[in-house]
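Comments concern the structure below.
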Amino acid sequence: MTATTSETKSSNVELKTVQSIPSFAGIEADSSGGCCKKVDAPKSESALKSFISGGVGGACCVMVGHPLDLVKVRMQTGGAAASSSVFGMLSKTLAKEGIRGIYRGVSAPLTAVTPMFAVSFWSYDVGQRIVKGYGQRGMTAEEKERKYVLSMGEICMAGAISAIPTTGIMAPSERIKCLLQVQANEVEKGGTAKYTGMLDCAKQVLKEGGVQSLFKGTGATLFRDIPGTIAYFGTYELVKKELMKIQGIDPNKGQLSPIAVLTAGGLAGMACWGVCIPADVIKSRYQTAPEGKYIGLYDVYKTLIKEEGYGGLVKGMRPALIRAFPANAACFFGMEVSKKALGFMD
(Lines give C-alpha, C1' and ligand atoms only; values in the text may rest on other atoms or scores of the structure.)
Protein backbone atom coordinates (compact mmCIF):
# COMPACT_ATOMS: atom_id res chain seq x y z
CA MET A 1 0.00 0.00 0.00
CA THR A 2 1.40 3.39 -0.98
CA ALA A 3 0.66 6.67 0.76
CA THR A 4 1.37 10.18 -0.44
CA THR A 5 2.47 11.51 2.93
CA SER A 6 3.07 10.10 6.39
CA GLU A 7 0.50 12.58 7.80
CA THR A 8 -2.23 11.10 5.62
CA LYS A 9 -1.37 7.60 6.80
CA SER A 10 -1.29 8.72 10.45
CA SER A 11 -4.77 10.18 10.28
CA ASN A 12 -6.22 6.95 8.86
CA VAL A 13 -4.66 4.44 11.25
CA GLU A 14 -7.26 2.66 13.34
CA LEU A 15 -5.91 1.34 16.62
CA LYS A 16 -8.20 -1.62 16.92
CA THR A 17 -7.91 -5.39 16.92
CA VAL A 18 -8.89 -6.95 13.64
CA GLN A 19 -9.85 -10.44 12.56
CA SER A 20 -6.72 -11.75 10.93
CA ILE A 21 -4.71 -14.80 10.10
CA PRO A 22 -1.71 -15.69 12.27
CA SER A 23 1.28 -16.26 10.02
CA PHE A 24 4.72 -17.72 10.37
CA ALA A 25 6.49 -14.40 10.76
CA GLY A 26 4.32 -12.78 13.43
CA ILE A 27 2.76 -10.64 10.72
CA GLU A 28 -1.01 -10.85 10.43
CA ALA A 29 -2.82 -11.23 7.16
CA ASP A 30 -6.23 -9.94 6.17
CA SER A 31 -8.08 -12.13 3.66
CA SER A 32 -10.55 -9.41 2.71
CA GLY A 33 -8.11 -8.09 0.09
CA GLY A 34 -8.47 -4.59 1.51
CA CYS A 35 -5.93 -2.23 3.00
CA CYS A 36 -3.51 -3.38 5.63
CA LYS A 37 -4.39 -2.62 9.24
CA LYS A 38 -2.21 -2.07 12.23
CA VAL A 39 -2.77 -3.49 15.71
CA ASP A 40 -0.47 -3.78 18.68
CA ALA A 41 2.65 -5.59 17.55
CA PRO A 42 3.48 -8.90 19.25
CA LYS A 43 6.92 -10.28 19.67
CA SER A 44 8.26 -11.41 16.29
CA GLU A 45 8.80 -15.11 15.74
CA SER A 46 12.29 -16.41 15.17
CA ALA A 47 13.22 -17.01 11.53
CA LEU A 48 15.30 -19.96 12.71
CA LYS A 49 12.19 -21.46 14.28
CA SER A 50 10.39 -21.19 10.94
CA PHE A 51 13.37 -22.89 9.28
CA ILE A 52 13.50 -25.83 11.70
CA SER A 53 9.73 -26.34 11.93
CA GLY A 54 9.46 -26.23 8.14
CA GLY A 55 11.98 -29.05 7.89
CA VAL A 56 10.03 -31.17 10.39
CA GLY A 57 6.84 -30.57 8.43
CA GLY A 58 8.54 -31.51 5.18
CA ALA A 59 9.76 -34.84 6.54
CA CYS A 60 6.21 -35.65 7.67
CA CYS A 61 4.94 -34.72 4.21
CA VAL A 62 7.30 -37.09 2.38
CA MET A 63 6.71 -40.12 4.58
CA VAL A 64 2.94 -39.82 4.28
CA GLY A 65 2.73 -38.87 0.61
CA HIS A 66 5.58 -40.66 -1.18
CA PRO A 67 3.70 -43.85 -2.23
CA LEU A 68 1.12 -41.80 -4.14
CA ASP A 69 3.83 -39.52 -5.51
CA LEU A 70 5.49 -42.58 -7.01
CA VAL A 71 2.19 -43.53 -8.67
CA LYS A 72 1.83 -39.97 -10.00
CA VAL A 73 5.26 -39.97 -11.64
CA ARG A 74 4.76 -43.43 -13.17
CA MET A 75 1.42 -42.34 -14.63
CA GLN A 76 2.94 -39.16 -16.03
CA THR A 77 5.97 -40.80 -17.62
CA GLY A 78 4.50 -44.16 -18.63
CA GLY A 79 2.95 -42.82 -21.84
CA ALA A 80 -0.51 -43.54 -23.10
CA ALA A 81 -0.33 -47.14 -21.88
CA ALA A 82 0.02 -46.13 -18.22
CA SER A 83 -2.70 -47.49 -15.93
CA SER A 84 -5.48 -45.03 -15.17
CA SER A 85 -6.29 -46.62 -11.80
CA VAL A 86 -4.49 -44.95 -8.90
CA PHE A 87 -5.16 -47.58 -6.29
CA GLY A 88 -4.81 -50.36 -8.86
CA MET A 89 -1.27 -49.21 -9.67
CA LEU A 90 -0.51 -48.73 -5.97
CA SER A 91 -1.71 -52.22 -5.03
CA LYS A 92 0.11 -53.74 -8.01
CA THR A 93 3.36 -52.07 -6.96
CA LEU A 94 2.87 -53.17 -3.36
CA ALA A 95 2.17 -56.76 -4.42
CA LYS A 96 5.20 -56.98 -6.76
CA GLU A 97 7.74 -54.86 -4.91
CA GLY A 98 6.52 -54.71 -1.33
CA ILE A 99 6.87 -51.76 1.03
CA ARG A 100 10.31 -51.06 -0.38
CA GLY A 101 8.75 -50.71 -3.82
CA ILE A 102 6.17 -48.08 -2.87
CA TYR A 103 8.92 -46.08 -1.17
CA ARG A 104 11.31 -46.43 -4.12
CA GLY A 105 13.19 -43.18 -4.67
CA VAL A 106 12.18 -41.82 -1.24
CA SER A 107 15.80 -41.25 -0.16
CA ALA A 108 16.25 -38.37 -2.61
CA PRO A 109 13.20 -36.31 -1.54
CA LEU A 110 13.65 -37.23 2.12
CA THR A 111 17.28 -36.13 2.03
CA ALA A 112 16.39 -32.90 0.27
CA VAL A 113 12.97 -32.29 1.76
CA THR A 114 14.13 -31.25 5.21
CA PRO A 115 16.25 -28.36 3.91
CA MET A 116 13.77 -27.75 1.07
CA PHE A 117 10.73 -27.25 3.29
CA ALA A 118 12.91 -25.50 5.84
CA VAL A 119 13.96 -23.04 3.14
CA SER A 120 10.37 -22.81 1.88
CA PHE A 121 8.88 -21.80 5.23
CA TRP A 122 11.85 -19.60 6.06
CA SER A 123 11.64 -17.84 2.69
CA TYR A 124 7.88 -17.42 3.15
CA ASP A 125 8.74 -15.70 6.42
CA VAL A 126 11.28 -13.54 4.55
CA GLY A 127 8.73 -12.87 1.81
CA GLN A 128 6.25 -11.55 4.36
CA ARG A 129 8.89 -9.27 5.82
CA ILE A 130 9.74 -7.94 2.33
CA VAL A 131 6.08 -7.29 1.55
CA LYS A 132 5.60 -5.69 4.95
CA GLY A 133 8.58 -3.40 4.37
CA TYR A 134 7.15 -2.34 1.02
CA GLY A 135 3.73 -1.70 2.54
CA GLN A 136 5.19 0.40 5.36
CA ARG A 137 6.82 2.88 3.03
CA GLY A 138 5.98 6.41 4.10
CA MET A 139 4.88 5.40 7.61
CA THR A 140 6.17 7.17 10.68
CA ALA A 141 8.37 5.31 13.16
CA GLU A 142 5.43 5.06 15.57
CA GLU A 143 3.17 3.55 12.90
CA LYS A 144 5.80 0.97 12.01
CA GLU A 145 5.72 -0.27 15.59
CA ARG A 146 2.11 -1.33 15.13
CA LYS A 147 1.26 -4.85 14.01
CA TYR A 148 0.93 -5.06 10.23
CA VAL A 149 -1.90 -7.03 8.64
CA LEU A 150 -1.24 -8.43 5.18
CA SER A 151 -3.93 -8.53 2.51
CA MET A 152 -4.47 -11.79 0.60
CA GLY A 153 -2.63 -10.27 -2.36
CA GLU A 154 0.40 -9.63 -0.16
CA ILE A 155 0.22 -13.17 1.26
CA CYS A 156 0.25 -14.54 -2.28
CA MET A 157 3.23 -12.36 -3.17
CA ALA A 158 5.12 -13.69 -0.13
CA GLY A 159 4.25 -17.22 -1.26
CA ALA A 160 5.61 -16.53 -4.74
CA ILE A 161 8.86 -15.21 -3.25
CA SER A 162 9.26 -18.42 -1.24
CA ALA A 163 9.40 -20.52 -4.44
CA ILE A 164 12.56 -18.87 -5.74
CA PRO A 165 15.20 -20.09 -3.22
CA THR A 166 13.38 -23.40 -2.72
CA THR A 167 13.76 -24.30 -6.40
CA GLY A 168 17.55 -24.48 -6.01
CA ILE A 169 17.10 -27.53 -3.79
CA MET A 170 13.94 -28.89 -5.37
CA ALA A 171 15.15 -29.22 -8.98
CA PRO A 172 18.10 -31.65 -8.54
CA SER A 173 16.21 -33.66 -5.93
CA GLU A 174 13.22 -34.17 -8.21
CA ARG A 175 15.47 -34.99 -11.16
CA ILE A 176 16.99 -37.90 -9.22
CA LYS A 177 13.67 -38.99 -7.72
CA CYS A 178 11.94 -39.10 -11.11
CA LEU A 179 14.81 -41.02 -12.73
CA LEU A 180 14.70 -43.68 -10.00
CA GLN A 181 10.93 -44.01 -10.19
CA VAL A 182 10.88 -44.28 -13.99
CA GLN A 183 13.70 -46.82 -13.85
CA ALA A 184 11.40 -49.05 -11.80
CA ASN A 185 8.92 -48.98 -14.71
CA GLU A 186 11.63 -50.22 -17.08
CA VAL A 187 12.75 -52.97 -14.69
CA GLU A 188 9.14 -54.12 -14.38
CA LYS A 189 9.00 -54.48 -18.18
CA GLY A 190 12.12 -56.66 -18.18
CA GLY A 191 14.78 -53.98 -18.51
CA THR A 192 17.92 -53.65 -16.40
CA ALA A 193 18.50 -51.13 -13.66
CA LYS A 194 20.96 -48.37 -14.54
CA TYR A 195 21.17 -46.88 -11.05
CA THR A 196 21.68 -48.71 -7.76
CA GLY A 197 20.39 -45.87 -5.63
CA MET A 198 20.20 -42.14 -5.05
CA LEU A 199 23.93 -41.49 -4.76
CA ASP A 200 24.77 -43.68 -7.74
CA CYS A 201 22.13 -41.87 -9.80
CA ALA A 202 23.54 -38.47 -8.83
CA LYS A 203 27.10 -39.58 -9.67
CA GLN A 204 26.13 -40.93 -13.08
CA VAL A 205 24.07 -37.85 -13.95
CA LEU A 206 27.01 -35.61 -13.01
CA LYS A 207 29.47 -37.80 -14.93
CA GLU A 208 27.33 -37.84 -18.08
CA GLY A 209 26.20 -34.22 -18.19
CA GLY A 210 27.81 -32.31 -15.36
CA VAL A 211 26.08 -29.94 -12.96
CA GLN A 212 23.90 -28.64 -15.77
CA SER A 213 22.39 -32.09 -16.20
CA LEU A 214 21.75 -32.45 -12.46
CA PHE A 215 19.83 -29.17 -12.52
CA LYS A 216 17.95 -30.06 -15.69
CA GLY A 217 14.37 -28.83 -15.37
CA THR A 218 15.10 -25.98 -12.96
CA GLY A 219 13.13 -23.52 -15.08
CA ALA A 220 10.24 -25.98 -15.31
CA THR A 221 10.32 -26.45 -11.54
CA LEU A 222 10.17 -22.70 -10.96
CA PHE A 223 7.38 -22.36 -13.54
CA ARG A 224 5.44 -24.98 -11.57
CA ASP A 225 6.22 -23.80 -8.06
CA ILE A 226 5.52 -20.06 -8.24
CA PRO A 227 1.77 -20.48 -8.88
CA GLY A 228 1.81 -23.56 -6.66
CA THR A 229 3.16 -21.75 -3.60
CA ILE A 230 0.80 -18.84 -4.16
CA ALA A 231 -2.11 -21.29 -3.92
CA TYR A 232 -0.41 -23.23 -1.11
CA PHE A 233 0.19 -20.51 1.44
CA GLY A 234 -2.78 -18.41 0.36
CA THR A 235 -5.23 -21.28 0.85
CA TYR A 236 -3.73 -22.30 4.18
CA GLU A 237 -3.98 -18.81 5.63
CA LEU A 238 -7.48 -18.25 4.26
CA VAL A 239 -8.86 -21.58 5.49
CA LYS A 240 -7.31 -21.02 8.93
CA LYS A 241 -9.07 -17.68 9.21
CA GLU A 242 -12.44 -19.10 8.15
CA LEU A 243 -12.13 -22.06 10.52
CA MET A 244 -11.35 -19.68 13.37
CA LYS A 245 -14.51 -17.75 12.56
CA ILE A 246 -16.54 -20.97 12.55
CA GLN A 247 -15.05 -22.10 15.87
CA GLY A 248 -15.41 -18.64 17.44
CA ILE A 249 -11.68 -18.33 18.08
CA ASP A 250 -9.97 -14.94 18.37
CA PRO A 251 -7.24 -15.05 15.69
CA ASN A 252 -5.03 -12.78 17.83
CA LYS A 253 -5.08 -15.03 20.87
CA GLY A 254 -6.49 -18.47 20.15
CA GLN A 255 -5.12 -21.53 18.38
CA LEU A 256 -6.77 -23.93 15.98
CA SER A 257 -7.51 -27.50 17.02
CA PRO A 258 -5.35 -30.26 15.51
CA ILE A 259 -8.25 -31.34 13.25
CA ALA A 260 -8.60 -27.78 11.92
CA VAL A 261 -4.85 -27.53 11.23
CA LEU A 262 -4.95 -30.86 9.39
CA THR A 263 -7.95 -29.68 7.35
CA ALA A 264 -6.36 -26.35 6.40
CA GLY A 265 -3.07 -28.04 5.49
CA GLY A 266 -4.76 -30.73 3.42
CA LEU A 267 -6.85 -28.23 1.45
CA ALA A 268 -3.75 -26.08 0.88
CA GLY A 269 -1.95 -29.05 -0.64
CA MET A 270 -4.88 -29.86 -2.92
CA ALA A 271 -5.09 -26.24 -4.07
CA CYS A 272 -1.37 -26.23 -4.83
CA TRP A 273 -1.45 -29.37 -6.97
CA GLY A 274 -4.72 -28.41 -8.62
CA VAL A 275 -2.96 -25.34 -9.97
CA CYS A 276 0.43 -26.74 -10.93
CA ILE A 277 -0.16 -30.29 -12.19
CA PRO A 278 0.11 -29.41 -15.95
CA ALA A 279 3.52 -27.82 -15.36
CA ASP A 280 4.49 -30.83 -13.23
CA VAL A 281 3.67 -33.22 -16.09
CA ILE A 282 5.91 -31.24 -18.46
CA LYS A 283 8.67 -31.07 -15.84
CA SER A 284 8.59 -34.82 -15.21
CA ARG A 285 8.73 -35.62 -18.92
CA TYR A 286 11.60 -33.21 -19.46
CA GLN A 287 13.64 -34.38 -16.47
CA THR A 288 13.36 -38.08 -17.28
CA ALA A 289 13.87 -37.84 -21.07
CA PRO A 290 17.18 -38.95 -22.62
CA GLU A 291 19.56 -36.10 -23.38
CA GLY A 292 18.71 -34.43 -26.67
CA LYS A 293 15.17 -35.78 -26.98
CA TYR A 294 13.58 -32.38 -26.41
CA ILE A 295 14.80 -28.96 -27.47
CA GLY A 296 13.06 -27.29 -24.55
CA LEU A 297 9.88 -27.19 -22.47
CA TYR A 298 7.73 -26.05 -25.37
CA ASP A 299 8.93 -29.03 -27.37
CA VAL A 300 7.84 -31.30 -24.51
CA TYR A 301 4.43 -29.61 -24.54
CA LYS A 302 3.97 -29.97 -28.31
CA THR A 303 5.02 -33.63 -28.29
CA LEU A 304 2.73 -34.46 -25.38
CA ILE A 305 -0.31 -32.78 -27.00
CA LYS A 306 0.39 -34.50 -30.33
CA GLU A 307 0.74 -37.97 -28.80
CA GLU A 308 -1.77 -37.88 -25.94
CA GLY A 309 -3.97 -34.83 -26.40
CA TYR A 310 -4.73 -32.17 -23.83
CA GLY A 311 -5.73 -34.86 -21.35
CA GLY A 312 -2.04 -35.67 -21.05
CA LEU A 313 -1.49 -32.37 -19.26
CA VAL A 314 -3.54 -33.51 -16.28
CA LYS A 315 -2.12 -37.01 -16.15
CA GLY A 316 -1.39 -37.91 -12.56
CA MET A 317 -3.96 -35.41 -11.25
CA ARG A 318 -5.84 -38.04 -9.27
CA PRO A 319 -2.88 -39.46 -7.33
CA ALA A 320 -1.50 -35.94 -6.85
CA LEU A 321 -4.73 -34.69 -5.27
CA ILE A 322 -5.30 -37.87 -3.27
CA ARG A 323 -1.74 -37.62 -1.97
CA ALA A 324 -1.90 -33.87 -1.41
CA PHE A 325 -4.46 -33.90 1.38
CA PRO A 326 -2.85 -36.35 3.84
CA ALA A 327 0.73 -35.37 2.94
CA ASN A 328 0.23 -31.64 3.43
CA ALA A 329 -2.06 -32.11 6.39
CA ALA A 330 0.86 -33.97 7.99
CA CYS A 331 3.27 -31.24 6.84
CA PHE A 332 1.42 -28.32 8.40
CA PHE A 333 0.54 -30.30 11.52
CA GLY A 334 4.19 -31.25 12.01
CA MET A 335 5.21 -27.66 11.35
CA GLU A 336 2.71 -26.20 13.84
CA VAL A 337 3.58 -28.73 16.56
CA SER A 338 7.27 -28.04 16.01
CA LYS A 339 6.75 -24.27 16.18
CA LYS A 340 4.90 -24.63 19.47
CA ALA A 341 7.66 -26.85 20.89
CA LEU A 342 10.28 -24.30 19.78
CA GLY A 343 8.44 -21.34 21.27
CA PHE A 344 11.41 -20.65 23.54
CA MET A 345 13.36 -19.50 20.47
CA ASP A 346 11.29 -16.32 20.01
Fill in the blank from the handout: So the compactness index of the stretch 292-334, its C-alpha Rg divided by 2.2 N^0.38 Å, takes the value 1.67
Exercise for the section: Quick one: Debye curve from the alpha-carbon atoms of the stretch 248-316 only, equal weights, vacuum; give me log10 I(q)/I(0) at q = 0.11, 0.17 Å⁻¹ to two decimals. Expected result: -0.45, -0.68
Exercise for the section: List, in order, the whole-Hz ³J(HN,Hα) value for each residue of the stretch 309-314 obtained from phi through the Karplus relation with A = 6.51, B = -1.76, C = 1.60 and θ = phi - 60°; use x for Gly and Pro. Expected result: x, 5, x, x, 6, 10
Handout entry: When the stretch 92-234 is reduced to its Cα atoms, the Kirkwood hydrodynamic radius in Å
Key = 17.6
Fill in the blank from the handout: Heavy-atom accessible area of residue 99, protein chains in place, probe 1.4 angstrom, given in Å² to nearest 10, is 110
Exercise for the section: Mind checking the per residue accessible area of the stretch 234-344 for me, 1.4 Å probe, whole number of Å²? Expected result: 46
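Which order do the peptides 52-59, 217-224, 195-202 come out in when sorted by mean C-beta neighbours inside 10 angstrom, highest first?
For the peptides 52-59, 217-224, 195-202, the packing ranking is 52-59, 217-224, 195-202.
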Practice task
Rounded to the nearest Å, what's the spacing between the alpha carbon centres of the stretch 203-252 and the stretch 132-196? Just the number, please.
Solution key: 4
Completion exercise
Length gained if residue 337 through residue 188 is fully extended, taking 0.36 nm per residue and subtracting the Cα-Cα distance, is 49.6 nm
Practice task
Enumerate the amide H contacts of residue 150 below 5 Å, restricted to partners 5 or more residues apart or on another chain; note that Pro and chain-start residues carry no placed amide H.
Solution key: 28, 29, 30
Exercise for the section: Please work out how much length the chain gains when fully extended from residue 85 to residue 144, using 0.36 nm per residue of separation minus the C-alpha to C-alpha distance, in nm with one decimal. Expected result: 15.8 nm
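The values are calculated or read from the model by the stated rules, or taken from the named source; none is laboratory data. These numbers were taken from a predicted model, which means no experiment stands behind them. Quick reminder, even Gly has a Cβ in these numbers, built from the backbone with ideal geometry, and neighbours come from all protein chains shown. Please note that ligands, DNA and RNA were not included when accessible areas were found on the heavy atoms of the full protein model with its side chains. Shrake-Rupley method; radii C 1.70, N 1.55, O 1.52, S 1.80 Å.
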